[in-house]
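So the structure is just underneath, and the comments pick up after that.
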Amino acid sequence: MRIGLDLGGTKISGIALDADGAVLARIRRATPRGDYPGTLAALAEVVAGLETETGRRGSVGVAIPGTLSSLTGLVKNANSTWLIGEPLDRDLAERLGRPVRVENDANCFALSEATDGAAAGAASAFGVILGTGVGGGLVIGGRVLSGRDGIAGEWGHNPLPWPADEERPGPPCYCGRRGCIETFLSGPALAREAGAASGEAAVAAAAAGDARACAALERHAERLGRALAHVVNIVDPHVIVLGGGLSGLAHLYDALPAGLAGWVFSDRPDTPVVAPRHGADSGVRGAAWLWPAAELEKARGG
């Protein structure tokens, strides 16, 4: 049995999967915000609950909104700031009495969709997060490519490619730079351009015929095409899977083929851009899949 945990800013989702990916049990509970010891205890409680419900012991993988530093082994780049500087994998492993794998939540999303989701069977897949922030993950041959510094796939903090004059220098980003892809393509960015309270409100306004909101959605799709073309030119993934709150925008799947074609350096720019199969479950399922079958046997001494 595989156990996946998705450590979000407001909630912890836990799932237990059998060898074929079928769901055996689920548990959700609130995240103890700002409380690292409390967060460790909550994660351990979710694992215990899943194992009690199933009567089985499982491997444990955790998706976090950040990554582990290859230099220190401590959490970095987490918007759940109380995790930063902590040895989360080691501390949780000590509590649970078994090895624990920790990976960025966008990487877990990509792994889930590449394992048994919308990109299953593809040699490579790029998973995109379009939500409050913009992130991504890359899976090659069924394995997450984290990179030397654990930041592979962080396309949201590159500049928007081929900017028009009115897009320079771009909005300020929390990372300290201006004009990051995230500042143009996130839900809050879409809301700002549409003059709406949220990304969802922008979509509703466009559906009601609001001209500013309609123009904002059109610009958003065009910019997404440019931004993903940059990914295709560098990585050339076999499939791109959209995730996050804005992945439900149906017009993106119609607009992106042409939007990519105008910028990709190829005579046949036909990279499929698809919706996720597992939706909100992709992160927690990907955390469970961080342990391939062969490595589970090795960990058990098999």
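Readers should treat all values here as calculations from the given coordinates under stated rules, not as data from a laboratory. No experiment lies behind these values; they were computed from the predicted model shown. FYI the Cβ positions are ideal-geometry reconstructions off the backbone, even for glycines, and counts take in every protein chain you see.
For region 39-198, the share of DSSP beta bridges that are antiparallel, to the nearest 5, is 70%. Taking Cα centre as origin and charging only the Cβ of basic (Lys, Arg, +1) and acidic (Asp, Glu, -1) residues, the dipole magnitude of region 89-173 rounds to 380 debye.
When DSSP beta bridges are restricted to pairs lying wholly in the chain, around 60% turn out antiparallel.
Listed values for region 48-64 are Karplus-derived 3J(HN,Hα) couplings in whole Hz (6.51 cos²θ - 1.76 cosθ + 1.60, θ = phi - 60°), namely 4, x, 5, 6, 5, 5, 8, x, 9, 9, x, 6, 10, x, 10, 9, 10, and x replaces Gly and Pro. Within region 2-104, antiparallel bridges make up roughly 60 percent of the DSSP beta bridges whose residues both belong there. For residue 196, no residue 5 or more places off, or on another chain, has a built amide H under 5 Å of its own.
Dividing the summed helix terms, -39500 (n - 2.57) for each DSSP H run of n ≥ 4, by the number of residues in the chain produces a 222 nm estimate of -11500 deg cm²/dmol to the nearest 500.
In order along region 236-250, phi translates into HN-Hα couplings of 6, x, 6, 8, 10, 10, 8, x, x, x, 7, 5, x, 6, 4 Hz, rounded to whole numbers, per the Karplus curve 6.51 cos²θ - 1.76 cosθ + 1.60 with θ = phi - 60° and x for Gly and Pro.
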